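Everything below concerns the one structure shown next.
The values are calculated or read from the model by the stated rules, or taken from the named source; none is laboratory data. Please read these numbers as outputs of a predicted model, since none were measured by experiment. Counting neighbours? That spans all protein chains shown, and the Cβs are built from the backbone with ideal geometry, glycine included.
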Amino acid sequence: MRFKMMAAALAASVTLPFAGVASATDLEVTHWWTSGGEAAAVAELAKAFDATGNHWIDGAIAGSGGTARPIMISRITGGDPMGATQFNHGRQAEELVQAGLMRDLTDVATKGKWTEVVRPKSLLDSCTIDGKIYCVPVNIHSWQWLWLSNEAFEKAGVPVPKNWDELVAAAPALEKAGIVPLAVGGQPWQSSGAFDVLMAAIGGKDTFLKVYEAKDAEFAAGPDIAKVFKAADDARKMAKNTNVQDWNQATNMVITGKAAAQIMGDWAQGEFQVAGKTAGKDYSCLPGLGLNPMIATGGDAFYFPLLKDEEKSKAQGVLAETLLDPKTQVAFNLKKGSLPVRGDVDLNAANDCMKKGLDILAKGDVMPWTDQLLSQDTQKQKEDLFSEFFANQSMTPEDAQKRFADIIGSAD
Amino acid sequence: MSVSMKSERPSRLFRNLNAKIASVPMILTALVVFVGGTAWTVLYSFTNSRLLPRLNFVGLDQYYRLWAAPRWLVSIENLLIYGVLSLIFSLVIGFLLAAMLDRKIRFEDTFRTIFLYPFALSFIVTGLVWQWLLNPEFGIQGVIRGLGWESFNFDPLYNSSIVIYGVLIAALWQGTGLVMCLMLAGLRGIDEDIWKAARVDGIPTWRTYVSIIIPMMRPVFITTLVIIASGIVKVYDLVVAQTSGGPGIASEVPAKYVYDYMFFAQNLGQGFAASTMMLLTVVIVIVPWAYLEFGRRGRT
């Protein structure tokens, strides 16, 4: 698959000089979108960029962000920068910007009136460092969804829950029917993310921000967060028999009815679509776990390393404009299953769950997510803690909370 | 004139000049890459470098944090268990296999090939194969339950307290073949006359092995020990392929901590501190041994 894409890119780069596009500039774009739906979405971006007379060279790196980011960063710091690269916007590229390795896009942004069109505003804020804009947000992905298998609940003879508490109450019946109540894969980011979702849903936005933005360690050790740990304790008990690693395997358990529910971001929706399931009929979704419908404005963004070649710098500007173009936004996000970053585009083709997301977005119930608030270092420590907490049933919620407060206390 | 030149004793430095010139690149590599790189790493482990190395010294902070991190402590404990057991078992099993093959059995070549074959696989492949074999639904447990023994329980990779033994099994399967070959070479190097003498004296076979053959094979054992030990300290790929450190953090190892903190967490200082600790451990083990081994030889 990758070989084919590379071969196509190579072939294209050979034939291009003869195609008579004199001003064409090749721009290598690296990203980690390699699953079926993701690749289709990237193809939309490439098509739009090629239409401007330039040429998109696809630099897909397989193996998710954890594998791809070190490669991208070492290429930029090692003096072999690509034309543009994907990161999750937030703090992943912060140090690269501070070291002066990334291109300032403020001129392009002012020309395109980004501050007016990009919605919600926080997206652009996380691209802004010292008043300058360094990245182009392309989509909104939110973590706070609970995916439910209608079939599993029918089999267990309980109604499909409307919120988290009802799911917890239904767990014994599900287990009796041989169904895993909650699927949580073994990858560390899944348990850590599920905890964050629980905190946002149970504690609400203010609690979430007090812990992750203000980094109030005393509060993190207090009774409000103890409630969240109690819920996480329920979650790990329900997830005990999951026994899979990858998130999409866990999603697949929900799709096939082996598991009743999963806390996962809206990217899980792509899996349901590929499996031919219909939102509302085969599966249900509860934003904010049904308790606190909010959307976190995490997502993907493109960053542009500082290049010496003037032609390429110009092409970077063109690409930045193309990415935010309304038409590109619609085409890309429909395939990706994410929400567009512009409020002025029309998404008629969106399904039930996406519409729920758009509604919340329109109401302005948004909040920042941990990618934006915490450094990668703190994120990793959190992942270590929660992967242990979810795997080791003998670790008490109190101990975990104490360690959590320590991490928050030393967070930056 | 030329005669008088020749009678002068050539300087030690210029003896075997060709050989010395030929080894210059390797000497430079060793100095710049190994020694230089190590010194650089140790130096930066005292800084608060994040994504990019910066000379902003924070003293021993990174080390305090390292030794307070539960994941690092679990990693060290795992390495100890894994290291000690894998050292003992691969030596014992390797030697036993070699001794059996050395008893002039039939199809020796076939057996040797079978035992050595796993070594031709990378740790990644080994890890994946054993991940499947130890999977409770499809692997050994599934097969035996399918045969009718319903209560049979064998799922080390999904049990935090024994997961490291699941990793150990895979490592032994992969590594003992090599140990066996080294041992076999050592056994073949023993003079046939020694066996004859032992037999004439009526010494039982096992006694011959323990008291005569094994002491004679000391150099082979030391070579093997170094090869196994270096493999133990740097174990990484096997764990990544087999368990990714899970369940939870139960099968983490130090090398994985270093990699994760340097690249995923973008915290070079922490990763460097961890790798310095790994180096220190190796130094503590190697230096006294090397001193005994080579220091003694120098004197005799």
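Here are the numbers for the structure shown:
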read-out	value
Test set (1) at pLDDT 90 or above; (2) within 24 Å of the chain's Cα centre (by Cα); (3) assigned by TED's automatic domain parsing to the domain that holds residue A:290 - residue A:185 fails condition number	(1)
Elements of type helices (runs of 4 or more DSSP H) contained in the stretch B:24-102, each with 2 or more residues being of a type in the set (A, V, I, L, M) and touching a residue at least 40 places away in the same chain (Cβ under 8 Å)	B:70-101
Tally, over the stretch A:4-35, of residues that are surrounded by fewer than 13 Cβ atoms within 10 Å (Cβ to Cβ), at pLDDT 50 or above and farther than 23 Å from residue A:136 by Cβ	3
Residue within the stretch A:381-401 that is out of contact with any Pro (no Cβ under 8 Å at 6 or more places or on another chain), closer than 21 Å to residue A:88 by Cα and aliphatic (A, V, I, L, M) present	no
Output for the stretch A:90-108, where each listed residue is in contact with a helix residue (DSSP H, G or I) (Cβ under 7 Å, 6 or more places away or on another chain) and either free of Cβ contacts under 8 Å to residues at least 12 places away in the same chain or of a type outside the set (Val, Ile, Thr) (or both)	A:90, A:91, A:92, A:96, A:101, A:102, A:103, A:105
Which numbered condition residue B:190 misses (of (1) out of contact with any helix residue (DSSP H, G or I) (no Cβ under 7 Å at 6 or more places or on another chain); (2) modelled with pLDDT under 90; (3) surrounded by 13 or more Cβ atoms within 10 Å (Cβ to Cβ))	(1)
Sole exception among (1) modelled with pLDDT of 90 or more; (2) under 25 Å from residue A:407 (Cβ atoms); (3) surrounded by 16 or more Cβ atoms within 10 Å (Cβ to Cβ) for residue A:245, by number	(1)
Checking residue A:91 against (1) of a type outside the set (S, T, N, Q); (2) within 14 Å of chain B (Cβ to nearest Cβ); (3) part of a strand (DSSP E or B), the condition it does not meet	(3)
Enumeration of residues in the stretch B:34-68 that are small (Gly, Ala, Ser), within 14 Å of another protein chain (Cβ to nearest Cβ) and loosely packed, with under 15 Cβ neighbours inside 10 Å	B:68
Residues of the stretch B:103-122 that turn out to be assigned to a helix (DSSP H, G or I) and touching a Phe, Trp or Tyr at 6+ places or on another chain (Cβ under 8 Å), as a count	1
Residue that is nearest to the other protein chains (Cβ to nearest Cβ), among those in the stretch A:357-369 that are of a type in the set (A, V, I, L, M) and surrounded by fewer than 23 Cβ atoms within 10 Å (Cβ to Cβ)	A:366
Residue count, the stretch A:61-81 (criterion: more than 9 Å from chain B (Cβ to nearest Cβ), crowded, with 17+ Cβ neighbours inside 10 Å and not basic (Lys, Arg))	6
Subset of the stretch A:94-112 [buried (at least 18 other Cβ atoms within 10 Å of the Cβ) and within 14 Å of chain B (Cβ to nearest Cβ)]	A:94, A:95, A:96, A:97, A:101, A:102
Boolean, residue A:243 is closer than 16 Å to residue A:392 by Cα, in the same structural domain as residue A:375 (by TED's automatic domain parsing) and touching a Gly at 6+ places or on another chain (Cβ under 9 Å)	yes
Long-range neighbours under 7 Å by Cβ, at least six apart or interchain, first residue of a type in the set (Asp, Glu) within the stretch A:337-365, second modelled with pLDDT of 85 or more and part of a loop (DSSP other than H, G, I, E, B)	A:365/A:293; A:365/A:294
Residue within the stretch A:329-340 that is within 14 Å of chain B (Cβ to nearest Cβ) and of a type in the set (S, T, N, Q) present	no
Odd one out for residue A:384, checked against (1) closer than 30 Å to residue A:238 by Cβ; (2) in the same structural domain as residue A:90 (by TED's automatic domain parsing)	(2)
Hits in the stretch A:395-409 (condition: within 11 Å of chain B (Cβ to nearest Cβ) and free of Cβ contacts under 8 Å to residues at least 40 places away in the same chain)	A:395, A:399, A:403, A:407
Residue in the stretch A:370-385 that is away from every other protein chain (no Cβ under 14 Å), part of a helix (DSSP H, G or I) and crowded, with 21+ Cβ neighbours inside 10 Å present	yes
The one condition in (1) surrounded by 15 or more Cβ atoms within 10 Å (Cβ to Cβ); (2) more than 13 Å from chain A (Cβ to nearest Cβ); (3) in contact with a helix residue (DSSP H, G or I) (Cβ under 7 Å, 6 or more places away or on another chain) that residue B:129 fails to fulfil	(3)
Residue B:224 being more than 14 Å from every other protein chain (Cβ to nearest Cβ) and among the hydroxyl-bearing types (Ser, Thr, Tyr)	yes
Among the residues listed as A:131, A:204, the single one being closer than 30 Å to residue A:99 by Cα and either surrounded by fewer than 24 Cβ atoms within 10 Å (Cβ to Cβ) or more than 14 Å from chain B (Cβ to nearest Cβ) (or both)	A:131
Failed item, numbered, when residue B:155 is tested on (1) more than 23 Å from residue B:74 (Cβ to Cβ); (2) buried (at least 17 other Cβ atoms within 10 Å of the Cβ); (3) of a type in the set (D, E, K, R)	(1)
Those residues of the stretch A:45-65 which are in a loop (DSSP other than H, G, I, E, B) and over 14 Å from residue A:314 (Cα atoms), in sequence order	A:51, A:61, A:62, A:63
Extreme residue, nearest to the other protein chains (Cβ to nearest Cβ), among residues of the stretch B:238-280 that are surrounded by fewer than 24 Cβ atoms within 10 Å (Cβ to Cβ) and hydroxyl-bearing (Ser, Thr, Tyr)	B:244
